1. For the condition at pLDDT 95 or above, under 29 Å from residue 119 (Cβ atoms) and in contact with a helix residue (DSSP H, G or I) (Cβ under 6 Å, 6 or more places away or on another chain), what is the one hit in 230, 238?
2. Is it fair to say residue 60 is near the ligand (Cβ under 9 Å from one of its atoms), open to solvent by less than 60 Å² (accessible area, probe 1.4 Å) and β-branched (Val, Ile, Thr)?
3. Take the residues in segment 1-21 that are of a type outside the set (Asp, Glu), open to solvent by 10 Å² or more (accessible area, probe 1.4 Å) and in a helix (DSSP H, G or I), then tell me which one is farthest from the ligand (Cβ to nearest atom).
4. For segment 161-188, give me the residue count where each residue is open to solvent by less than 70 Å² (accessible area, probe 1.4 Å) and outside any strand (DSSP E or B).
5. Kindly provide the set of residues from segment 154-173 that are farther than 11 Å from residue 123 by Cα and not hydroxyl-bearing (Ser, Thr, Tyr), ordered by number.
6. Hey, could you check segment 94-128 for residues that are among the hydrophobic types (A, V, I, L, M, F, W, C) and part of a helix (DSSP H, G or I) and say which is farthest from residue 170 (Cα to Cα)?
7. Tell me which residues, restricted to segment 25-44, are within 26 Å of residue 107 (Cβ to Cβ) and either surrounded by fewer than 18 Cβ atoms within 10 Å (Cβ to Cβ) or not hydroxyl-bearing (Ser, Thr, Tyr) (or both).
Amino acid sequence: MIKVLVTGGAGFIGSNLCEALLERGDIVTCLDNFATGHIENLLPLIEKYPNCFKLVVGDIRKLEDCRKAVKGMEYVLHEAALGSVPRSIKDPITSNEVNINGFLNMLIASRDEGIKRFIFAASSSTYGDSQSLPKEEDVIGKPLSPYAITKYVNELYADVFARTYGMEYIGLRYFNVFGRRQDPFGAYAAVIPLFVKQLMRHENPVINGDGEYSRDFTYIDNVIQMNQLALDATNFDAVNQIYNTAFGERTTLNQLVGYLKEFLGEFDEEIRKIEILHGPNRVGDIPYSLASIDKAKSLLGYAPQYSMRLGLQETVKWYWNNL
Ligand SMILES: NC(=O)c1ccc[n+]([C@@H]2O[C@H](COP(=O)([O-])OP(=O)(O)OC[C@H]3O[C@@H](n4cnc5c(N)ncnc54)[C@H](O)[C@@H]3O)[C@@H](O)[C@H]2O)c1
């Protein structure tokens, strides 16, 4: 049993992490300001775990809020950030304030509290314009968006805090995570929840570009496994490292839409016939993304259980029952 602060715990990935940690018997505090997260993601946990789960409503841009949340904790899973490349292009200042200043606040609060390990949500966007495939942790290019800059700066700060103050960190470069509770609403919804919602409403999804861009779509349960391995790792070599967090398989947008029609078509035949539209490519998007997960396998013992298709089937079922 360990005491873990999950920042951004009201969001998609954070709420799944809170739930998984509580299920295995850990004591969990969540810090969130509900910028993009939802209290509904936490209500079942508040009810089920009154003695093991605490919610601190606060903003990582305020050092005092970070200090309050981290008090008495042993580990931090730092998930709070403003996601989305387009959001950061529209409003780089706010993305910078939350993703960089907020990150630094959390590092300082964690350092001063003597946190054992600071594990954080990094991003595949850090690979930027690097052409090499599969992506290996040490070979990155230039960032293609303000969001990508913020996530790379996080890695640099974590490393400097490890060298300067002796902190332990693990950074997890998430690759297009999807699954239950990912928000399908709002201007910056991710492609899978957005397309599922549109198909369920018999609307026409619009693919940016010709649909041949590809992603290493990663099911949430694989991400939970990586976070638990990062928390529990005891070998010295495994800490103060960055890891790709992915399944290690490439799916094009055209394939994705095909799978969605297939799986949703089992609930509603009409969905199979919905026409898919195409728009222009989006500024800041990486064309092809595929992770090497060798480092996570060898140093953390990562063994992802959900392929893209298996995870997508679970996800579609969840949206069908909950949307
Ligand atoms: N979903 C993905 O595919 C993906 C890919 C790469 C990296 N990431 C990173 O993973 C993390 C979680 O992403 P997610 O998809 O769950 O997004 P999300 O928007 O669902 O969750 C982010 C959470 O952070 C909270 N938050 C935002 N600003 C805050 C602030 N100033 N103070 C306190 N809380 C704040 C939000 O309210 C929300 O609950 C983020 O750091 C994101 O950059 C996600």
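The values are calculated or read from the model by the stated rules, or taken from the named source; none is laboratory data. No experiment lies behind these values; they were computed from the predicted model shown. Counting neighbours? That spans all protein chains shown, and the Cβs are built from the backbone with ideal geometry, glycine included. Please note that ligands, DNA and RNA were not included when accessible areas were found on the heavy atoms of the full protein model with its side chains. Shrake-Rupley method; radii C 1.70, N 1.55, O 1.52, S 1.80 Å.
1. 238
2. yes
3. Across segment 1-21, the extreme among qualifying residues is 20.
4. Final tally of qualifying residues: 14.
5. 156, 158, 159, 160, 161, 162, 163, 166, 167, 168, 170 - these are the residues of segment 154-173 that are farther than 11 Å from residue 123 by Cα and not hydroxyl-bearing (Ser, Thr, Tyr).
6. Per the stated criteria, the residue is 98.
7. Those that are within 26 Å of residue 107 (Cβ to Cβ) and either surrounded by fewer than 18 Cβ atoms within 10 Å (Cβ to Cβ) or not hydroxyl-bearing (Ser, Thr, Tyr) (or both): 26, 27, 28, 30, 31, 32, 33, 34, 35, 37, 41, 42.
Yes/no matrix, rows are residues, columns are (1) among the aliphatic types (A, V, I, L, M); (2) surrounded by 15 or more Cβ atoms within 10 Å (Cβ to Cβ); (3) modelled with pLDDT of 95 or more:
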{"position": "250", "(1), (2), (3)": "no, yes, yes"}
{"position": "269", "(1), (2), (3)": "no, no, yes"}
{"position": "299", "(1), (2), (3)": "yes, yes, yes"}
{"position": "311", "(1), (2), (3)": "no, yes, yes"}
{"position": "319", "(1), (2), (3)": "no, yes, yes"}
